[in-house]
Amino acid sequence: MLKVGLTGGIASGKSVVGEMFVSLGVHLIRADNIAHDLMQPGQSVYEEVVKRFGQDILNPDGSINRPQLASAAFGTPGGKSTPRVEELNAIVHPAVIKREDQWMEELSRRDPTAIAMVEAALILEASAADRFDRLIVVTCRPEQRVQRLAARLDISDGAARAEVTRRMAAQFPDEEKIKAADFVIDNSGSLDATEAQVRRVFAALREDVAREK
């Protein structure tokens, strides 16, 4: 089985690219979805996050308010609070990685010729790249991040730009990610152009699987 990491900065289009790979037969799991599950009431990660970040991050029903947690972790634009994103990552990342590894092990037993892809924003930042046989980095132009995030969250360009700046401060720049990548997918153009790149990368991944037989 081939283990592939799919990463890129905020609003680069990782999820769109991931879905394109899925349509070609790749098995995909998303770190964000795992983290969301682990931060549900009753989970040990939930308990630790609430213990560290306090009751202010909770909704009235006891669930974690993700924007509120993000503000506590990344700090607010122009705010005086010290970012605590490393503290949050230290709680969440080990549990997410464990769940990803379990998923890949189960998939390998079911289908030894599968391509298992993990979509995660912080593969390199978490020093987790060596868990994968191949690393794919998705890029786009800086202004596109702002436009895409504004459309996704239905917020102004100014608010989106502040959020992109805040999030990117906790991520490696694209230049560093590209240096570590086996494949780079430029998601700056049309969806057709992105899909053509995905198909080329998929063909290369299938060749890698065939060589491993």
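Laboratory data are not the source of any read-out in this text; all were calculated from the coordinates shown. Note that the structure is a prediction, hence the values are computed from the model and not measured. FYI the Cβ positions are ideal-geometry reconstructions off the backbone, even for glycines, and counts take in every protein chain you see.
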message = Show me the ranking of peptides 134-140, 12-18, 84-90 by mean Cβ neighbours inside 10 Å, starting with the highest.
response = 134-140, 12-18, 84-90
ask   = the range 1-72: percent of C-alpha pairs farther apart than 16 Å?
value = 59 percent
inquiry  = Bin width 5 Å, origin at 0, all Cα-Cα pairs of the chain: what percent of pairs per bin?
reply    = 1, 7, 14, 17, 19, 17, 12, 8, 4, 1, 0, 0
query = Once the convex hull of the C-alpha atoms of the range 38-115 is built, how many Å³ does it hold per residue, rounded to a whole number?
reply = 119 Å³
task = Report, by chain and number, residues whose modeled amide H sits under 5 Å from the one on Gln171, excluding near sequence neighbours (fewer than 5 apart, same chain).
result = none
request  = Working from Cα positions, state the angle (0 to 90°, nearest 10) between the long axis of helix 85-110 and the longest principal axis of the chain.
outcome  = 30 degrees
note = Phi angles of the range 62-69, converted by Karplus (6.51 cos²θ - 1.76 cosθ + 1.60, θ = phi - 60°) into ³J(HN,Hα) in whole Hz with x for Gly and Pro, give x, 6, 7, 7, 4, x, 5, 5
query = Tell me, what HN-Hα J-couplings in whole Hz come from the Karplus equation 6.51 cos²θ - 1.76 cosθ + 1.60 at θ = phi - 60° for each residue of the range 16-21, using x for Gly and Pro?
reply = 4, 5, x, 5, 5, 5
